[in-house]
Amino acid sequence: MFDRDYFETDSKRFAPPYTLENVYPRMLNIAKYFKCKYNPEKVLDLGCAKGFLVKAFMEFNVNAVGID
């Protein structure tokens with residue numbers, strides 16, 4: 001099961017903790033790419049985990065919602 005320990009510790013074998021500091025810069029790049037290429041008005045992130053991609057889209061004034 002994907003609980004807090006999974007996302008916030010080094011218990012995953014080959015990945016750093018899934019925290020804002022580690023993941024958000026990459027999510028900003030992804031959101032920027034999609035905003036420039038497709039210019040979406042709305043985004044639905046299915047399986048959003050902590051919602052970092054949703055937050056990134058919101059930085060580009062995209063109406064974004066996530067569900068896990």
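The values are calculated or read from the model by the stated rules, or taken from the named source; none is laboratory data. Quick caveat, the model's predicted, so the values are computed rather than measured. We place every Cβ from the backbone using ideal geometry, glycine too, and count neighbours over all the protein chains shown. Side chains included, ligands, DNA and RNA excluded: accessible areas come from the protein's heavy atoms. Shrake-Rupley method; radii C 1.70, N 1.55, O 1.52, S 1.80 Å.
Observations on the structure shown:
- In this structure, residue 17 does not qualify as open to solvent by less than 80 Å² (accessible area, probe 1.4 Å), at pLDDT 95 or above and either closer than 28 Å to residue 63 by Cβ or outside any helix (DSSP H, G or I) (or both).
- Residues in region 20-35 that are open to solvent by less than 40 Å² (accessible area, probe 1.4 Å) and either more than 14 Å from the chain's Cα centre (by Cα) or modelled with pLDDT of 95 or more (or both): 24, 27, 31.
- Looking only at residues in region 36-68 that are in contact with an Asp or Glu (Cβ under 7 Å, 6 or more places away or on another chain) and part of a helix (DSSP H, G or I), the one that is least open to solvent (accessible area, probe 1.4 Å) is 54.
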